[in-house]
Amino acid sequence: MSDVSPAPASAPVPPPTGGPADGTAGGTATAGTASTGAARGYAPGRTLPLGVEVVRQFKRRRTLVMFGLLLALPWILVIAFTFGAGSGQPATTLRISDLATEGGLNFAAFALSVSATFLLVVAVALFCGDTVAVEASWSSLRYLLAAPIPRDRLLRQKLIVALGYSAAAVICVPVMALLAGTLAFGWNDVRVPGTGETIAALDMLPRFAVVVGYAMVSQLVVASLAFLLSVGTDAPLGAVGGAVGLVIVSNILQAVEELGFLREFLPTFWNTAWLDALAPQPQYDGMLKGVAVSVTYSVILIAFAFRRFRAKDVVS
């Protein structure tokens, strides 16, 4: 009998258990699940909410400065009328400026007439012409699109917010002027420019609301052109200046009577048609034509803006 004992058998090695931490298959499955969950969590319709864009635009200095100027304008006019010496010459016809101190509504109509020709044009051009171009100049537009935010949604959200601020700019001037004029000159019946006839203030309020609404619609051409220029350039001042330049050129051509009926197709020809709503017998034909011209131009310009932005190289 041999005294050499056999070597002990080696212990069996347990097979590897499956799972995320042990097996390759388990780790791959987990990564796939996480990726699927992230993909499912992305909703293009929830990117760049309107509330976020409203706050972003409101915090900008140009927004606060512009609204401060618009709200201060009626009070500046009140001071000018209160301490002004006047011309001292009797007018042959009653102009809207001659009746500004007759009451709150007369003063609000005057404030709207003097601000709609230039100051409101600049405000609307600023809010709509600065919204996209400034993102391009700051090189932040590429990061917004890399979020990823669909291009059409990005442009739509910015357009809605810009038009909202433009409408607020147009509304705040006559509303503040109505408040300032009522406090300074009282709440009286409205005297009509030209004839001097008197209309009850309560009867004039609905018409005045129509006037303010028409003033907003008449600024749509400026807003849409500024927005189109903002999409095509990274210079905000260029977009704003281009829209303001359109108004200046249109006003010059409007004075050329040799153009005849062609002047009616100019974007600024019907801007003062709202004065017909303040007549003893209101006329709305001119306002309807002005709405048609303004909306037509705006739809075409906004459509070009979306088409241009879809093909825009935001990296260059």
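Rounded to the nearest Hz, the phi-derived 3J(HN,Hα) couplings of segment 52-66 under the Karplus curve 6.51 cos²θ - 1.76 cosθ + 1.60 (θ = phi - 60°) are 5, 5, 4, 5, 4, 6, 5, 6, 6, 5, 5, 5, 5, 5, 5, where x marks glycine and proline.
Close amide H pairs (under 5 Å, H built 1.01 Å from N) link Gly103 with no residue at least 5 positions away or on another chain.
Shown in residue order for segment 186-199 are the 3J(HN,Hα) couplings computed by the Karplus curve 6.51 cos²θ - 1.76 cosθ + 1.60 at θ = phi - 60°: x, 9, 10, 5, 8, 9, 7, x, x, 8, x, 5, 10, 10 Hz (x for Gly and Pro). Each other residue within a Cβ distance under 10 Å of Pro282 adds +1 if Lys or Arg and -1 if Asp or Glu, for a net charge of 0. Summing charges over all other residues whose Cβ lies under 12 Å from the Cβ of Val161, with Lys and Arg as +1 and Asp and Glu as -1, gives +2. Within the shell defined by Cβ-Cβ distances under 15 Å, the residues around Ile199 carry a net charge of -3, with Lys and Arg each +1 and Asp and Glu each -1. Taking 0.36 nm per residue of sequence separation and removing the Cα-Cα distance, the Asn188/Ala80 pair yields an extension gain of 36.9 nm.
Ordering 285-292, 198-205, 225-232 by mean Cβ neighbour count within 10 Å, with the highest value first, yields 225-232, 285-292, 198-205. Remark on Leu94: its backbone amide H falls under 5 Å from those of Gly194, a criterion applied only to residues 5 or more positions apart or on other chains, H modelled at 1.01 Å from N. Applied to segment 68-77, the Karplus parametrisation 6.51 cos²θ - 1.76 cosθ + 1.60 on θ = phi - 60° returns per-residue 3J(HN,Hα) values of x, 5, 5, 6, 7, 4, x, 5, 5, 5 Hz, with x for Gly and Pro.
To put it simply, the accessible area of segment 115-203 at a 1.4 Å probe is 65 percent carbon and sulfur.
The values are calculated or read from the model by the stated rules, or taken from the named source; none is laboratory data. Please read these numbers as outputs of a predicted model, since none were measured by experiment. Reconstructed Cβ throughout: ideal geometry from the backbone, glycine too, with neighbour counts over all protein chains shown. The accessibility values were calculated without ligands, DNA or RNA, using every heavy atom of the protein model including side chains. Shrake-Rupley method; radii C 1.70, N 1.55, O 1.52, S 1.80 Å.
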